Amino acid sequence: MFERARHGLYALLRVPPTPTPPAGAPGSVRVFRAGRNYFKLKLLAWGAGQAATLFGIVVSLSFLAEVKHEAERVQLDRQASAAVGVSNDSTPERPVTPAQRSRWDEERDEFWRDPQNPLGRIVERTPWWLFPGIALFEFGGILLFLTQLPLTYAMVRLEYESHWYVVTDRSLRIRWGLVTVREATMSFANIQQVTVSQGPLQRLLGIANVRVQSAGGGGSTGNPHEHKDDSMHSGVFHGVDNAVEIRDLILERLRHFRATGLGDPEDHRDSPAALVGALTDPGRAASVVAATRVLEEVRRLKAVFQK
């Protein structure tokens, strides 16, 4: 059932399929995903938010129940006050003196003016339709809370599954996000630093973040559980359970990249293969020969002046 919900949500949000590997040899592609405990960390944050929402609902319902109880008590007091002095067929009428009526009015007014009973004054000024509307609002709030539980849980799980980390022998690609899909590609030619960071909860869960810093990137650090610290000069492998393996792999391939002089595809125009291709082209070969002769003449003149 969850698989069908996943495919339906992916289709609705138009989430692209698995990211294509960046530039590099096909046999060097390594794909990493966020660790299972990273999902538990996201689920913990989701549960804390839901618990806070439920607590707010309970507090508001308790307050509204107290207001309704006060309203019922006020209504009963009014009915009792109205019944005083009314004649009954079976009992003789007991006249109410003006002094008694005045004393009852003063007690009622004092009750409403009591600072310890603010609900009484609120209830006195409420219209009749307020409490039916509050009951409808309570029902709608509870129904909305229960409805959003499976939806927000699915969003948390799918956002966790949207983390893709692809490493080749020349570059790496990071993709994350569900509603807004972000994808960053970094070439080893620009990478300057690879670090591992781990917060207290991450240490408890056995996960960490691997930050890859490129030329021009600042040293700012943010919340390790959020993506706000990602920028155009850095990429973060969030919540991986093999951070040391990923760091060592990137550093090893970075050393190999620099030792062999590999570069981006556009840099291959200056490689030995590109020079051989230039020599096999008659037009470009003539230019190379002419440049070689000029270089030889310059060397001869330099040798003459040095004597």
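Each reported figure results from applying straightforward, stated rules to the coordinates on display, with no laboratory input. The structure displayed is predicted, hence computed values, not measured ones. Because the Cβ atoms are built from the backbone with ideal geometry, glycine has one as well, and the counts that use them run over all protein chains shown.
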Check: Length gain on complete extension for the stretch THR260 to SER62, per 0.36 nm per residue less the alpha carbon to alpha carbon distance?
Finding: 64.2 nm
Item checked: Separation of alpha-carbon centers, the range 163-203 and the range 42-58, rounded to whole Å -> 30
Checklist line | Inter-label distance, nm, simple model (7 Å from Cα along the C-beta direction), ARG4/LEU43 | finding: 2.3
Check: Between GLU159 and ALA215, what is the FRET efficiency for a Förster distance of 41 Å, r being their Cβ-Cβ separation, to the nearest 0.05?
Finding: 0.85
Notebook entry, point to check: For the pair ARG36 and TRP129, how long in nm is the line joining their label points, each one 7 Å along Cα→Cβ?
Noted result: 5.6
